[in-house]
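As structure tokens, the structure follows; a few thoughts come after it.
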């Protein structure tokens, strides 16, 4: 099956299909290339930081940076790149990347009973969110032409769902 065939899911915007670009613990930056229909290496990370959770994109969405809506998927166990996971939206981290709004939705797998009681970021350890925020603030620190990444806050499920709706609407307008 082609990644082009993956849809957002029938229960969107609360539950979406998330496609893993960067597995938790990886040091490389991978991105989905729509033209080639593959996930390819974008760059080797500039810092010695590993991705703290699975970095994903949401199909059938579009954001101001020209890409799909991205996010972080918490998981109990390692998942594979290009794996499609049905995921529940639990929040959002608001991020400005070099002057472009680049929000990241926060998700948990629907089919992992360890996350059955997690419906909002407030149901997680705050440390898990702080790890992601730290990663986003610093993963470009030693890049030769550093971009300024600013985290402007994070919110819970309701705001996360709003961000998904906005990205779906932007995709529909393409």
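What pairs come out if I take residues in the stretch 128-148 that are over 14 Å from residue 27 (Cα atoms) and pair them with residues that are at pLDDT 80 or above and in a helix (DSSP H, G or I) whose C-beta lies under 9 Å away, six or more apart or interchain?
128/121; 129/121
I need a count of the residues in the stretch 27-41 that are under 19 Å from residue 4 (Cβ atoms) and in contact with a strand residue (DSSP E or B) (Cβ under 7 Å, 6 or more places away or on another chain).
6
Please work out if residue 129 is outside any strand (DSSP E or B), modelled with pLDDT of 95 or more, touching a helix residue (DSSP H, G or I) at 6+ places or on another chain (Cβ under 7 Å) and closer than 27 Å to residue 49 by Cα.
yes
The values are calculated or read from the model by the stated rules, or taken from the named source; none is laboratory data. Bear in mind the structure is a predicted one, so any value in this text is a computation, not a measurement. No Cβ is skipped: glycine too gets one built from the backbone with ideal geometry, and neighbour counts run over all protein chains shown.
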